[in-house]
Amino acid sequence: MFELIKNLTDKFGVSGNEEEIREFIKGEIKSKVDSIEVDALGNLIATKKGNGKKIMVAAHMDEIGVMATHIDEKGFIRFSNIGWVSQNYSLGQRVRFKNGTIGTVFFEEKLDDLKSLKLSNLYIDIGAKNSEEAQKKVNIGDTAAFCGPAELAGDMIISKALDDRSGCAVLIETIKNLPKTDNEIYFVFTVQEELGLRGAKTAAFRILPDFAIAVDVTLTGDTPDCKTMEVKCGMGPAIKIKDGSVVCHNDVRKLLTETAKKLNLPIQYEILERGGSDPGAIHLTAGGIPSGAISIPCRYTHSPSEMASISDIDNAVKLLKESLIG
Amino acid sequence: MILKELTELNGISGNETKVMEFIKSHAVKYADNITVDSMGNLIAMKKGSVGKYKVMLSAHMDEVGLMVTGYSEGMLKFKTVGGIDERILPGKRVLVGDERIPGIIGVKPIHVQEREERNVNIKIKSMYIDIGVDKKEEAEALSPLGEQIAFYSEYQELGTDCIKAKALDDRVGCSILIEALKNSYEFDLYACFTVQEEVGLRGSEVAAYSVRPDIALVIEGTTCSDVPGVDEQSYSSTMGGGAVLTIMDRTSYVDKELVKFLYNLGVQNNIKVQYKKTTTGGNDAGKIQLSGTGVKVASISAPCRYIHSPVSVMSKNDYYACLELTKLALRELGKEETMKRLLNIGGEKNV
């Protein structure tokens, strides 16, 4: 599992630029599904055909990042955020553009008060001497991801983009080990989740499933002086009750809970007060689609050093696999 | 150019009829089929010689404005429709309702304002519209609750290349769509003149759903902040810089291949093009992209200084750059190999 996640998180996939990660995932699952298609937005839809229930399983491929918006005469690059990017987490970090160009994110030091730091006070230094040299490597509109290679720390994995490559890993492992079933299952690796659950909306409209399960990360309440939340790393995958975009359908929640009980898996319940996730878009599609989610507890979300437990991810695979064949 | 007529018509979001009728009177000469849907979107369709693909052009007919929400004796109280910087309002001339009743936006005179009042921005709730009547009954009879109020601003040429008008956002797009209807194409062209963009991209969502296009181009007026006091890195677009291509804004991350195709087309044909440098704002592309099973979209916009005010300023050269780029793009999209490449047909095989 660590190797797979290391490979997945290493791939470039800033929202709207999911080509590299999509190709990698395609390579992993190609031989295990009946068909693969890529829709107009870039969602990867892998189908396991059948005559039973029509189920959509979603995990988003995209990760947060930045986009170059201006290059000054000295070659420093101003940028805009893609998805929710924290100015504080960004300070001193490295970013990698799609073509491999590396840069440091730093701030205008004249700033009086670090508390008033905004993204517009930050710039990327790619070591160029002037605008011309910079533009040989980076142009306006080019995107970059934060650097944060995967490392193992006990049962925990530290990496960028665990949101939501850990969910992608759960889908891939499920596809590779799916027991025989009549159900028709659509594994969707969605795009542009971080920009407002966009890919999931068009994919759900194409599939119109009987119900949907998403796999994504969620916040935790298990670090010093953090906000209260009943989710902890290492205590099992969380079954989503609600977040800012969806109240999960009772039937899907029940299916997941009862499956976990049957398998004797440790689980937790997720009640997320802010933020949204793909089920938020899926459940409102067409005439409505019952939706739920398995969430992987993840610390330091949207930083280059997110942290999640491998055993939680392994248990999420077990839970998903069994839930799909019933 | 019919921009003078288009910008002098009033069409506040939700009441675009006058603009729609004017556009219809032109479109009817060129389109094969014209429909007006339940929201008021005007969809002019031109059948293609091949008709294998559907291309949607979208421009919104509505403009920002005000709405009557109450009375203070004979004065009208009002709220904004769409995004307006309330600091620009005092002293402006307006036209109320379809009858175009003239009025003035008034505030408490400066000599009776308290010292503290002078130091803060006057809020809309302290403003009123004076239509020259004394009694509430008179005001009510002339402009009932809910009546829409437009800026009064005549189309005017400035310098050698610029024009000043209200509602350039997005009568510019409407004008270009009418021009585009004059040519014939291989694909079916759907010129969609949409409603209620300024209150949340509403019309385009249903228009796109009924058209279900393969590709959509949104033609717009966009922000231009190349003015004194703004750092160059914060210029959203530059006046005279040509057609603005959006890469990402709050509502969409447009199709990368389609934008590259438009940019290269401009460069190869000596049409000035520029990328929008900020990622704020949004337009119909956001809703069209996510309609149905998803649509490949891009936006072509003319830079407009002082947008959402009675005095938007635009360069005619930029307008023509947008027009030429749109026309050229449509001609290119008529080629089967271009369409196949952009739609990635044959690129993703079933296994």
> Of the residues that sit in the range A:167-200 and are farther than 19 Å from A:G280 by Cβ and among the polar types (S, T, N, Q), which one is surrounded by the fewest Cβ atoms within 10 Å (Cβ to Cβ)?
Replying inline: A:N177
> In the range A:285-299, what residues are touching a residue at least 12 places away in the same chain (Cβ under 8 Å) and surrounded by fewer than 19 Cβ atoms within 10 Å (Cβ to Cβ)?
Replying inline: A:A286
> So which residues in the range A:228-253 are within 20 Å of the chain's Cα centre (by Cα) and of a type outside the set (A, V, I, L, M)?
Replying inline: A:K232, A:C233, A:G234, A:G236, A:P237, A:K240, A:K242, A:D243, A:G244, A:S245, A:C248
>> Considering only residues that are surrounded by fewer than 24 Cβ atoms within 10 Å (Cβ to Cβ) and β-branched (V, I, T), which ones fall in the range B:145-171?
In response: B:T160, B:I163
>> Quick check on this structure: which one of A:D10, A:D62 is within 13 Å of another protein chain (Cβ to nearest Cβ) and not small (G, A, S)?
In response: A:D62
>> Consider the range A:293-320. How many of its residues are within 22 Å of A:I207 (Cα to Cα) and under 16 Å from the mean Cα position of the chain (by Cα)?
In response: 2
>> Between B:D255, B:D231, which is within 11 Å of another protein chain (Cβ to nearest Cβ) and surrounded by 19 or more Cβ atoms within 10 Å (Cβ to Cβ)?
In response: B:D255
> Taking A:E23, is it out of contact with any strand residue (DSSP E or B) (no Cβ under 7 Å at 6 or more places or on another chain), within 13 Å of chain B (Cβ to nearest Cβ) and free of Cβ contacts under 8 Å to residues at least 12 places away in the same chain?
Replying inline: yes
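Residue-by-condition table, conditions (1) of a type in the set (A, V, I, L, M); (2) closer than 25 Å to B:Q289 by Cβ; (3) not assigned by TED's automatic domain parsing to the domain that holds B:S143:
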| site | (1), (2), (3) |
| --- | --- |
| B:G48 | no, yes, yes |
| B:L57 | yes, yes, yes |
| B:F78 | no, no, no |
| B:I88 | yes, no, no |
> With respect to the numbered conditions (1) in contact with a Ser or Thr (Cβ under 9 Å, 6 or more places away or on another chain); (2) in contact (Cβ under 8 Å) with a residue 12 or more places away in the chain; (3) not in a loop (DSSP other than H, G, I, E, B), which one is the sole condition not fulfilled by B:T35?
Replying inline: (2)
> How many of the residues making up the range A:201-244 are hydroxyl-bearing (S, T, Y) and either outside the structural domain of A:I36 (by TED's automatic domain parsing) or within 17 Å of A:C168 (Cα to Cα) (or both)?
Replying inline: 1
>> Go through the range A:108-151 and report how many residues are away from every other protein chain (no Cβ under 14 Å) and over 15 Å from A:K74 (Cα atoms).
In response: 15
>> Whether any residue in the range A:161-172 is assigned to a loop (DSSP other than H, G, I, E, B) and either farther than 19 Å from A:I71 by Cβ or of a type outside the set (S, T, Y) (or both) is what I want to check.
In response: yes
>> On the basis of being away from chain A (no Cβ under 14 Å) and assigned to a loop (DSSP other than H, G, I, E, B), does B:P303 make the cut?
In response: no
>> Looking only at the range B:193-228, filter to residues that are within 19 Å of B:T35 (Cβ to Cβ) and hydroxyl-bearing (S, T, Y); which one of those is surrounded by the most Cβ atoms within 10 Å (Cβ to Cβ)?
In response: B:T194
>> For the range B:266-292, give me the residue count where each residue is in contact (Cβ under 8 Å) with a residue 60 or more places away in the chain and surrounded by fewer than 19 Cβ atoms within 10 Å (Cβ to Cβ).
In response: 2
> Counting only residues that are more than 10 Å from A:L122 (Cα to Cα) and of a type in the set (A, V, I, L, M), which one in the range A:72-94 is nearest to the other protein chains (Cβ to nearest Cβ)?
Replying inline: A:I82
>> Could you check the range A:78-133 and list, in sequence order, the residues that are exposed (fewer than 12 other Cβ atoms within 10 Å of the Cβ), basic (K, R) and either in contact with a Ser or Thr (Cβ under 6 Å, 6 or more places away or on another chain) or touching a residue at least 24 places away in the same chain (Cβ under 8 Å) (or both)?
In response: A:K118, A:K129
> Out of the range A:174-208, which residues are away from chain B (no Cβ under 14 Å) and either outside any helix (DSSP H, G or I) or more than 18 Å from the chain's Cα centre (by Cα) (or both)?
Replying inline: A:K176, A:N177, A:L178, A:P179, A:K180, A:T181, A:D182, A:N183, A:E184, A:I185
> How many of the residues making up the range A:100-137 are in a loop (DSSP other than H, G, I, E, B) and either in contact with a helix residue (DSSP H, G or I) (Cβ under 7 Å, 6 or more places away or on another chain) or at pLDDT 95 or above (or both)?
Replying inline: 11
>> I need a count of the residues in the range B:126-164 that are of a type outside the set (S, T, N, Q) and either modelled with pLDDT under 95 or within 30 Å of B:Y320 (Cβ to Cβ) (or both).
In response: 12
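The values are calculated or read from the model by the stated rules, or taken from the named source; none is laboratory data. On a predicted model such as this, the values are computed, not experimentally measured, just so you know. Note that we place each Cβ from the backbone using ideal geometry, even for glycine, and neighbour counts take in every protein chain shown.
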